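J.: Okay, handing you the structure first.
The values are calculated or read from the model by the stated rules, or taken from the named source; none is laboratory data. Values in this document were obtained by computation on a predicted structure and should not be read as measured data. So basically every Cβ, Gly included, is an ideal-geometry build from the backbone, and we count neighbours across all protein chains shown. The area values use the complete protein model at the heavy-atom level, side chains included, leaving out ligands, DNA and RNA. Shrake-Rupley method; radii C 1.70, N 1.55, O 1.52, S 1.80 Å.
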Amino acid sequence: MDDLRDKYISLIANAADEATLEDLRVQAVGKKGEISLQMRELGKMSAEERQVAGPKLNALKDEINSALAAKKQGLADAALDERLRAEWMDVTLPARHRRVGTIHPVSQVTEEVTAIFADMGFAVAEGPQVESDWFNFDALNIPGHHPARAEMDTFYTHRAPGDDRPPHVLRTHTSPVQIRTMQDQGAPLRVIAPGRVYRADYDQTHTPMFHQIEGLAIDKDISMANLKWVLEEFVKAFFEVDDVELRFRASHFPFTEPSAEVDIRCSWEGGTLKVGEGDDWLEILGSGMVHPKVLQAGNIDPDEWQGFAFGMGIDRIAMLKYGIPDLRAFFDSDLRWLRHYGFASLDVPTLHGGLSR
Ligand code: PHE
């Protein structure tokens with residue numbers, strides 16, 4: 001019995017895994033295990049012999065069982081220790097910089113502009129890129145014969161043969177969103193509408209698809225002074241300068257009266273653009289007081305309400321702010337360009353966290 005004990009205690013102590021342990025259990029105390037077979041022999045013994053051997057065998061069986069249980073627990077603890085050691089990680093290490101693509105300058109600038117106007121109470125509005133000619137032109141006081149229609153180098157869609165309705169257009173500006181928002185929300189309102197627009201034009205500063213951001217504020221007593229303040233606040237925040245000078249130049253748009261194009265004081269000294277100083281002026285947007293006919297098209301009573309509107313090229317101000325020379329490269333999907341001019345994906349522009357870094 002002592003031999004049996006020594007044999008199993010040492011085998012159990014040396015078992016390397018749970019499977020070995022289970023084999024040993026079967027061999028020792030399983031139904032046909034060595035100790036179980038010995039217990040069967042008890043029946044053949046004399047009463048005196050049995051009185052000595054019985055308790056000994058039972059004690060041996062208990063000892064083997066608890067050795068098995070203890071070893072099983074030991075193996076599990078060791079496995080856990082090993083896992084904890086292998087999976088150890090120093091959470092105080094700095095994060096590894098891994099670029100998962102970059103944010104396109106157009107997206108970045110759209111976010112920047114949106115953050116600035118959101119701070120002044122402007123919500124974001126949207127409209128379709130394929131637009132009816134009524135929203136794109138007529139509602140904005142650009143009738144069928146108006147030269148602006150031709151000037152805009154419009155892309156027209158096809159109608160089925162025999163369908164005489166006017167064709168849809170790829171919107172030539174974001175101004176149709178003015179009409180849609182007025183119709184949907186009524187007055188008063190304050191929105192910006194960023195989005196894609198289309199004109200048949202292609203050179204260093206023009207691509208057939210580009211981006212604009214429209215601004216519209218309607219209320220009882222909105223004036224050009226409000227427009228001027230809002231734009232000055234915007235330009236200071238966007239170009240991250242304390243002082244800017246804007247120049248309002250009388251202009252003409254069918255949908256605003258009066259109308260003004262806005263230039264910003266800048267310098268090109270040394271080939272780089274500096275905003276807020278110098279003797280040059282750079283045109284950045286078109287604007288004006290919303291024309292009464294446009295308010296009417298938006299179902300807003302021009303005797304009661306008035307407002308200002310402006311439209312700005314997003315790509316253009318992105319080129320200016322980030323010194324990007326050729327607009328066409330924006331849409332070439334050239335990875336080298338995107339890596340160079342793109343923004344880190346987690347740097348979301350906010351007014352408090354900083355617009356650009
Ligand atoms: N829609 C005009 C353009 O594309 C810009 C503009 C918008 C001008 C709003 C005045 C008011 O050039």
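J.: Return yes when residue 119 is more than 20 Å from the chain's Cα centre (by Cα) and open to solvent by 40 Å² or more (accessible area, probe 1.4 Å) and no when it is not.
T.: Here the answer is no, as residue 119 does not meet what is asked.
J.: A follow-up question, please. Against the conditions (1) open to solvent by 20 Å² or more (accessible area, probe 1.4 Å); (2) more than 16 Å from the ligand (Cβ to nearest atom); (3) over 26 Å from residue 331 (Cβ atoms), where does residue 267 fall short? Just the number, please.
T.: (1)
J.: Please work out which residue is surrounded by the fewest Cβ atoms within 10 Å (Cβ to Cβ), limiting yourself to the range 77-106 and to residues that are at negative phi and in contact (Cβ under 8 Å) with a residue 12 or more places away in the chain.
T.: Restricting to residues being at negative phi and in contact (Cβ under 8 Å) with a residue 12 or more places away in the chain, the top hit is 100.
J.: Only helices (runs of 4 or more DSSP H) wholly contained in the range 249-357 count here; list those with 3 or more residues that are within 24 Å of residue 231 (Cβ to Cβ) and among the charged types (D, E, K, R).
T.: 314-322
J.: Considering every residue within the range 141-148, establish whether at least one is on the phi < 0 side of the Ramachandran plot, in contact with a helix residue (DSSP H, G or I) (Cβ under 7 Å, 6 or more places away or on another chain) and among the polar types (S, T, N, Q).
T.: No, the range 141-148 contains no residue that is on the phi < 0 side of the Ramachandran plot, in contact with a helix residue (DSSP H, G or I) (Cβ under 7 Å, 6 or more places away or on another chain) and among the polar types (S, T, N, Q).
J.: List, please: which pairs have Cβ atoms under 6 Å, are six or more places apart or on different chains, and start with a residue in the range 213-235 that is more than 19 Å from residue 112 (Cα to Cα) and in the same structural domain as residue 126 (by TED's automatic domain parsing) and end with one that is within 16 Å of the ligand (Cβ to nearest atom) and open to solvent by 60 Å² or more (accessible area, probe 1.4 Å)?
T.: 217/190; 222/306
J.: So, one more: When the range 153-177 is examined, which residues are found to be modelled with pLDDT of 90 or more and within 16 Å of the ligand (Cβ to nearest atom)?
T.: 154, 155, 169, 170, 171, 172, 173, 174, 175, 176, 177 - these are the residues of the range 153-177 that are modelled with pLDDT of 90 or more and within 16 Å of the ligand (Cβ to nearest atom).
J.: Shifting gears a bit: Which one of these is open to solvent by 60 Å² or more (accessible area, probe 1.4 Å) and either of a type in the set (A, V, I, L, M) or touching a Ser or Thr at 6+ places or on another chain (Cβ under 6 Å) (or both): 59, 28, 70?
T.: 70
J.: Additional query: Is it true that residue 180 is under 24 Å from residue 126 (Cβ atoms), more than 13 Å from the ligand (Cβ to nearest atom) and surrounded by fewer than 21 Cβ atoms within 10 Å (Cβ to Cβ)?
T.: In short, yes.
J.: Another question, then. Can you name the condition, by its number, that residue 260 falls short on among (1) away from the ligand (no atom under 14 Å from the Cβ); (2) crowded, with 20+ Cβ neighbours inside 10 Å?
T.: Going through (1) away from the ligand (no atom under 14 Å from the Cβ); (2) crowded, with 20+ Cβ neighbours inside 10 Å one by one, residue 260 breaks only (1).
J.: Somewhere in the range 193-202, is a residue assigned by TED's automatic domain parsing to the domain that holds residue 286, surrounded by fewer than 19 Cβ atoms within 10 Å (Cβ to Cβ), not in a strand (DSSP E or B) and not aliphatic (A, V, I, L, M)?
T.: Yes, the range 193-202 contains a residue that is assigned by TED's automatic domain parsing to the domain that holds residue 286, surrounded by fewer than 19 Cβ atoms within 10 Å (Cβ to Cβ), not in a strand (DSSP E or B) and not aliphatic (A, V, I, L, M).
J.: What tally of residues in the range 253-302 results from selecting those that are touching a strand residue (DSSP E or B) at 6+ places or on another chain (Cβ under 7 Å) and within 15 Å of residue 219 (Cα to Cα)?
T.: 5
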